[in-house]
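Below: the structure, in structure tokens.
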Amino acid sequence: MLPFKIKYDCQTTTMSVVNITKVAQFKGHQDAIYAMDIDSSCGVIYSAGADGKLVKWNWPSDSDGIQIAQLPGTAYSLKIVENGKIYLGTSTGELLIVESNAGEIVKRVELHQGGLFDVVIHGDKMYTLGADGVLTVGNKDGSDFSKYKISEKSLRKGLVRENELWVACSDHMLRRIDLDSMKVIQENEGHRSSIFDILGVEGKIYSAGRDASIKMWSLENEVKQLKSVPAHMYTIHSL
């Protein structure tokens, strides 16, 4: 199921209080949902996960999800781009490109040993991050990939800022990569264990992962940690 309608009110006093109420829940999957994204051109939500289904949700209508494709296996990542293509990474390291209108898999490329955890689109280029510690770079049409070994452990999430790619890694590190030379130009030990997600907001980067903390990083003159908050009891998978 995908419980995606949430009503919330935010009241600010000496501290922020957020009151959240679930107002609806809809069927669409038979197993864990690992990835979702929104088509900004029409507001349609797409999701995928352990059951190998690619499901379309016609937001804001109150209806169950519609399966548009059966994938060859578990999907770990999903990214939508403006041309109607959906990019998915699988648990076996395959990149799938699906035509959203027809629900047809138009491209399959084996890129990683183990899971493909994130797909990053920047201009005409595509970057994929995998469990093998490899970063791949190719064209947005899924051709001409090059591979770069970044870590001995998983690369979990990528974020492009200007001409640099920030990578959250399972070896506790935040790495900054120059996209012209594809060289690591900075490393920061970010967490006590795997970093699962990073988010860029107003000149700062936020990171979170297995140690259940959220950390805030300044990017102004040099990268430095500004704050760390113990946010959950267990792993934070997404920001």
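The values are calculated or read from the model by the stated rules, or taken from the named source; none is laboratory data. Note that the coordinates shown come from a computational prediction; the quantities given were computed from them, not determined experimentally. Every residue, glycine among them, receives a Cβ derived from its backbone with ideal geometry; neighbour counts consider all protein chains shown. Accessible surface is based on the protein model in full, side chains and every heavy atom, while ligands, DNA and RNA are left aside. Shrake-Rupley method; radii C 1.70, N 1.55, O 1.52, S 1.80 Å.
Some notes on this structure:
- Ranked by how many other beta carbons lie within 10 Å on average, peptides 172-184, 124-136 from highest: 124-136, 172-184
- Protection proxy ranking, highest mean first, for peptides 51-59, 76-84: 51-59, 76-84, where packing is the per-residue count of other beta-carbon atoms within 10 Å, averaged.
- Heavy-atom surface of the chain, accessible at 1.4 Å and reported per residue (Å²): 53 Å²
- Cβ charges +1 (Lys, Arg) and -1 (Asp, Glu), total dipole of the range 70-148, debye: 60 debye
- Ordering 146-154, 209-217, 113-121 by mean Cβ neighbour count within 10 Å, with the highest value first, yields 113-121, 209-217, 146-154.
- Its Cα centre serving as origin, the chain has a Cβ charge dipole (Lys and Arg +1, Asp and Glu -1) of approximately 480 debye.
- Here the range 98-239 has 43 percent of its accessible surface on carbon and sulfur atoms, given a 1.4 Å probe and all protein chains in place.
- FRET E, pair GLU164, ASP62, Förster distance 30 Å, beta-carbon r, rounded to 0.05: 0.10
- Most positive-pole-ward Cα, THR74, ILE86, VAL23, against dipole of the chain from beta carbon charges: VAL23
- Dipole size of the range 53-95 about its Cα centre, with +1 on Lys/Arg Cβ and -1 on Asp/Glu Cβ: approximately 100 debye, rounded to the nearest 20.
- Percentage relative contact order, the chain, counting C-alpha pairs under 8 Å, at least six apart: 8 percent
- Quotient of C-alpha Rg and 2.2 N^0.38 Å, computed over the chain: 1.04
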